[in-house]
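The values are calculated or read from the model by the stated rules, or taken from the named source; none is laboratory data. Since the model is a prediction, treat every value here as computed from it, not as a measurement. Neighbour counts are summed over all protein chains in view; Cβ atoms, including those assigned to glycine, are modelled from backbone coordinates with ideal geometry. All accessible areas refer to the heavy atoms of the entire protein, side chains included, with ligands and DNA or RNA removed. Shrake-Rupley method; radii C 1.70, N 1.55, O 1.52, S 1.80 Å.
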Amino acid sequence: MSTATPTTPAPAGALNLSRATATAARVLRQLRHDPRTIALMILVPCVMLFLLRYVFDGSPRTFDNIGASLLGIFPLITMFLVTSIATLRERTSGTLERLLAMPLGKGDLIAGYALAFGALAIVQSALATGLAVWFLGLDVTGSPWLLLLVALLDALLGTALGLFVSAFAASEFQAVQFMPAVIFPQLLLCGLFTARDDMHPVLEGLSDALPMSYAVDGMNEVLRHTDMTAAFVRDVLIVAGCALLVLGLGAATLRRRTA
């Protein structure tokens, strides 16, 4: 009598491109049936930029000063929220347990989510950048394509952070609660409200360790310089490196069981 051979899960650190792209395709198919989530990811940053422009209708220069920074911050925040909640749903529904029982490694799953949400991040960042520069009149000295690059990296960083914190939440409410702990300190210390050099030395040192600070610095480099500067390259590499690091941590901390 023949005996069925049990499926052996892929090693935790394994990464297979075909499995990752299949996971990404599955996530995108699910999102296609969730228009509210798509609207949150793609439209909310544009709506917030639109409102911000006319909040400062009497002072367009103020919008120029902070609009570029928020062009990177809004995508980071929305991608963090959506990704953390979507990944948590996979765990609480038992989908994650079933997937990881198949020949699908944690690296495949994390990479698949990163690809899926990364594709949406491209659309989100392109729409927000186009709206800010060509419709709302955001005045930037450098190339709008560099703004788009930083906005995209910020959205990918938000995706990575959302995937990471979802491992520590037991409910969607808890996932949302991570936002004050993970996002708000970065928002306060990134240099949006005051120059980081003017902060207390302890807070300035802390801001130097937070990726959002370099996202804002990168946007400001494009705002003030016509050419790509060494500081801009440094900021972009730091944001990209942080995103990759957090994705790696997300794969390492991804749990199969929710109980």
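Within the chain, helices built from complete DSSP H runs that reach 30 Å or longer along their own axis (Cα positions) and carry a mean Kyte-Doolittle hydropathy of 0.0 or higher are 60-92, 106-130, 144-165, 230-253. Within the accessible area of the chain, the carbon and sulfur atoms contribute 67%, probe 1.4 Å, all protein chains present.
Ordered from highest to lowest accessible area with the whole protein assembly present and a 1.4 Å probe, LEU17, LEU153 read as LEU17, LEU153.
For the chain, the relative contact order comes to 28 percent (Cα pairs under 8 Å, sequence separation of at least 6).
Note on the chain: GNM, Cα springs under 10 Å; of SER69, SER84, SER207, the largest mean-square fluctuation is that of SER207.
Per residue, region 138-202 exposes 46 Å² of solvent-accessible protein surface, assessed with a 1.4 angstrom probe and all protein chains in place. The accessible-area ordering, largest first, of the residues MET228, MET212 stands as MET228, MET212, per a 1.4 angstrom probe. Here percent of Cα pairs over 31 Å apart was computed from the coordinates, and among (i) 28; (ii) 39; (iii) 19 the match is (i). Where the centre of each part is set by its Cα atoms, how far does region 147-174 sit from region 54-81, in angstrom? Comparing the Cα centres of region 147-174 and region 54-81, I get a distance of 19 Å. With the highest mean first, a sort of the peptides 120-130, 191-201, 164-174 on other beta-carbon atoms found within 10 angstrom per residue produces 120-130, 164-174, 191-201.
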